[in-house]
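Each remark here refers to the structure printed beneath this line.
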Amino acid sequence: VQLQAFGGGLVQAGGSLRLSCVATGITFNQYDINWYRQAPGEERNMVASITGGGTETYADSVKDRFSISRVNVRNTVHLQMNSLKPEDTAVYYCNARSFVKSYWGKGTQVTVSS
């Protein structure tokens, strides 16, 4: 099983980035896909989640700015991040979770400059 996250980078405050997570080795539509982030010295926290059926959940801090979507035929989940703030700076991780299994990918760095 592999989860590959990409799309991070350096952006100015107010800008946008689109992260993608591509999964291999799992029956993709049977997994919820979650985006987490972790800033230096802080805990890893969930940012957004999408179920296999497409139900979306967002952390309050990103609601109305971030949008998660999935393309099951491509085993891909996107996280569209708009109106980025310096406090969004973190390493972003994607996670695939079913009732019995959980897989993590390596993170992608997002840095928002003020």
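Some observations on this one:
- Electrostatic bookkeeping for GLY54 treats Lys and Arg as +1 and Asp and Glu as -1; over the other residues with beta carbon under 14 Å from its beta carbon, the sum is -1.
- Solvent-accessible area, 1.4 Å probe, carbon plus sulfur percent, for the range 1-87: 43
- Straight-line reach from LYS63: taking Cα to Cα under 18 Å and skipping same-chain neighbours fewer than 8 places apart, the aspartates and glutamates in range are GLU87, ASP88.
- Gain upon complete extension [TRP104, ALA13; 0.36 nm per residue less C-alpha separation]: 30.0 nm
- FRET efficiency, 1/(1 + (r/R0)^6) with R0 30 Å, evaluated for THR111 and THR57 via beta carbons: 0.75
- Aspartates and glutamates with Cα under 16 Å of LYS85, excluding same-chain neighbours fewer than 8 positions away: ASP60, ASP64
- Average accessible area per residue (Å²) across the chain - probe 1.4 Å, nucleic acids and ligands excluded: 55
- Whole-Hz couplings from phi, Karplus 6.51/-1.76/1.60, listed for the range 109-114; x for Gly and Pro: 7, 10, 10, 10, 8, 8
The values are calculated or read from the model by the stated rules, or taken from the named source; none is laboratory data. What you are looking at is a predicted structure, and each value in this text was computed from that prediction instead of being measured. Cβ atoms come from the backbone with ideal geometry, glycine included; neighbour counts cover every protein chain shown. These accessible areas exclude ligands, DNA and RNA; they are computed on the full protein's heavy atoms, side chains included. Shrake-Rupley method; radii C 1.70, N 1.55, O 1.52, S 1.80 Å.
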